[in-house]
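Take a look at the structure set out below.
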Amino acid sequence: WAHGFTFYGPKYRDSILDSIHRELEACDSPQSFLLFHSVGGGTGSGLGTYILSQLADNFPKIFRFTASVFPSKEDVVVTSPYNCTFAANQLINHADCVFPIDNDSLLTLCHPKKGLKKEESEESEKAERKQVFAKMNSIVGHLLSNLTCSMRYEGKLNIDLNEITMNMVPFPRLHFLMAS
């Protein structure tokens with residue numbers, strides 16, 4: 001976390017903000033930023049939350065939503081607990097709405113049931129893992145696609161993202177929402 005937040009963030013700050021400014025200039029009415037990142041590893045947690053803090057500083061009137069993937073208990077990365085703790089503090093301070101995503105739950109939903117398996121080749125195991133990750137990414141993509149569909153399509157239930165934060169967030173620091 002610290003390496004991404006204190007080294008890579010400041011190093012690439014200007015180029016990242018330039019890219020964001022270019023994209024914002026092409027928008028008619030920007031309502032929010034959507035940040036997808038993992039909080040278990042160093043780059044997603046450190047650099048991701050650094051970018052989030054820069055968005056809060058440079059664009060305070062535009063809402064910041066994040067879909068943050070939290071690691072499982074059996075994560076092999078030794079620094080995951082630290083990365084999650086430091087990233088959670090930044091999410092509390094700089095995000096307007098956080099959709100926490102549990103990596104274990106996603107894996108349970110997407111991985112085929114394990115029963116008695118025949119010996120599988122390494123190639124078929126790689127293909128299966130690729131398919132599982134594609135399903136996991138699809139679920140996260142659908143989560144945020146469904147969140148924004150009321151803005152993109154006409155209808156009686158049209159709302160904007162500002163209304164989501166007004167209606168769903170009772171106190172500013174309690175903005176971790178369950179997606180269902």
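Note the angle between two axes, namely the Cα long axis of helix 48-58 and the longest principal axis of the Cα atoms of the chain, as a number of degrees from 0 to 90, rounded to the nearest 10.
Result, in degrees: 10.
Separation of the range 1-20 and the range 145-180 by C-alpha centroid, Å?
29 Å
When the chain is modelled as a GNM with alpha-carbon springs shorter than 10 Å, which of 84, 110, 149 fluctuates the most?
Among 84, 110, 149, the largest GNM mean-square fluctuation belongs to 149.
On the accessible surface of the range 1-96, probed at 1.4 Å, how many percent belong to carbon and sulfur atoms?
Details: 3030 of 5300 Å².
Of all accessible area on the range 1-96, carbon and sulfur atoms account for 57 percent.
Would you mind calculating the relative contact order of the range 1-54 from Cα pairs under 8 angstrom and at least 6 residues apart, reporting the percent as a whole number?
61 percent.
Could you give the radius of gyration (one decimal) and Dmax (whole number) of the Cα atoms in the chain, in Å?
Spelled out, the Cα radius of gyration and Dmax of the chain are 18.3, 56 Å.
Report relative contact order for the chain in percent, whole number only (criteria: Cα-Cα under 8 Å, sequence separation at least 6).
On the way: 205 pairs, mean separation 39.8, N = 180.
Once divided by the residue count of the chain, the mean separation gives 22 percent.
How much accessible area per residue does the chain have, in Å², with a 1.4 Å probe?
66 Å²
Sum -39500 (n - 2.57) across every DSSP H segment of at least 4 residues in the chain, then divide by the residue count to get the 222 nm mean residue ellipticity, nearest 500.
So the calculated ellipticity at 222 nm is -16500 deg cm²/dmol.
What is the angle, in °, between the Cα long axis of helix 9-25 and the longest principal axis of the Cα atoms in the chain? Nearest 10 is fine, range 0 to 90.
Long axis of 9-25 versus the principal axis of the chain: about 70 degrees.
The values are calculated or read from the model by the stated rules, or taken from the named source; none is laboratory data. None of these values were measured; they are calculated from a predicted model. The area values use the complete protein model at the heavy-atom level, side chains included, leaving out ligands, DNA and RNA. Shrake-Rupley method; radii C 1.70, N 1.55, O 1.52, S 1.80 Å.
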